[in-house]
Amino acid sequence: MLSEKMVFNIAGLYINIESSRRLVYYYCKSFLCDEYPYIDFSVKVTDEEIYAELPDGYTPQNASKRALLASELSAIYRKICEKILEYDAFLMHGALIEYEGKGYLFTAKSGTGKTTHINLWQK
């Protein structure tokens, strides 16, 4: 485990995320808190929870470091989504674009092309 405590402000909650992979913190850095008055809850995933998120055909033995990182991020996200319900909040995976003063949120599974389409529309 990384030695320093990493607390993130997500949906107004202070969430401690424990991970041995520094890249997890890189992907969540926009939510990182330097100061926090308390911790609402902590999230830590097991190897089994990470492996359960691997795409079909992958095993812990044949998965790349990138696949394991993506699976850990998914496992962490899943735990936050489950726990955050207790605080009358929820998280949604999507891509948002603003057009003529209105926001349009597109939700779908990762890899569907939400961000790709938004980038094309912006051009």
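Table for the structure above
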| item | result |
| --- | --- |
| Gained length - Thr46 relative to Phe31, 0.36 nm times residue gap less alpha-carbon distance | 3.1 nm |
| Summed side-chain charge close to Leu105 - residues other than Leu105 whose Cβ falls under 11 Å, Lys, Arg +1, Asp, Glu -1 | +1 |
| Surrounding net charge for Glu48, when Lys and Arg each add one and Asp and Glu each subtract one, Cβ distance under 14 Å | -1 |
| Over the chain, relative contact order from alpha-carbon pairs under 8 Å, at least 6 apart, % | 17 |
| Cβ-placed point charges (K, R +1; D, E -1), dipole of the range 22-109 about Cα centre in debye, nearest 20 | 320 |
| The range 83-123, accessible surface, carbon-and-sulfur percent (1.4 angstrom probe) | 54 |
| Residue-normalised accessible area of the chain, expressed per residue, 1.4 Å probe, Å² | 72 |
| HN-Hα J in Hz across the range 67-80 - Karplus 6.51, -1.76, 1.60, θ = phi - 60°, x for Gly and Pro | 5, 5, 5, 4, 5, 5, 4, 5, 5, 5, 4, 4, 5, 5 |
| Distance between the range 37-57 and the range 72-94 - C-alpha centres, whole angstrom | 11 |
| ³J(HN,Hα) computed for each position of the range 22-33 - Karplus, 6.51 cos²θ - 1.76 cosθ + 1.60, integer Hz, glycine/proline x | 4, 5, 4, 5, 4, 5, 9, 4, 5, 9, 5, 9 |
| Built amide H within the under 5 Å cut-off of Cys33, gap 5+ | Val7, Phe8, Asn9 |
| Span per principal axis, largest first, for the Cα atoms of the chain (Å) | 45, 43, 24 |
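The values are calculated or read from the model by the stated rules, or taken from the named source; none is laboratory data. Computed from a predicted structure; not experimentally measured. Cβ atoms come from the backbone with ideal geometry, glycine included; neighbour counts cover every protein chain shown. Heavy atoms of the whole protein, side chains included, go into the accessibility calculation; ligands, DNA and RNA do not. Shrake-Rupley method; radii C 1.70, N 1.55, O 1.52, S 1.80 Å.
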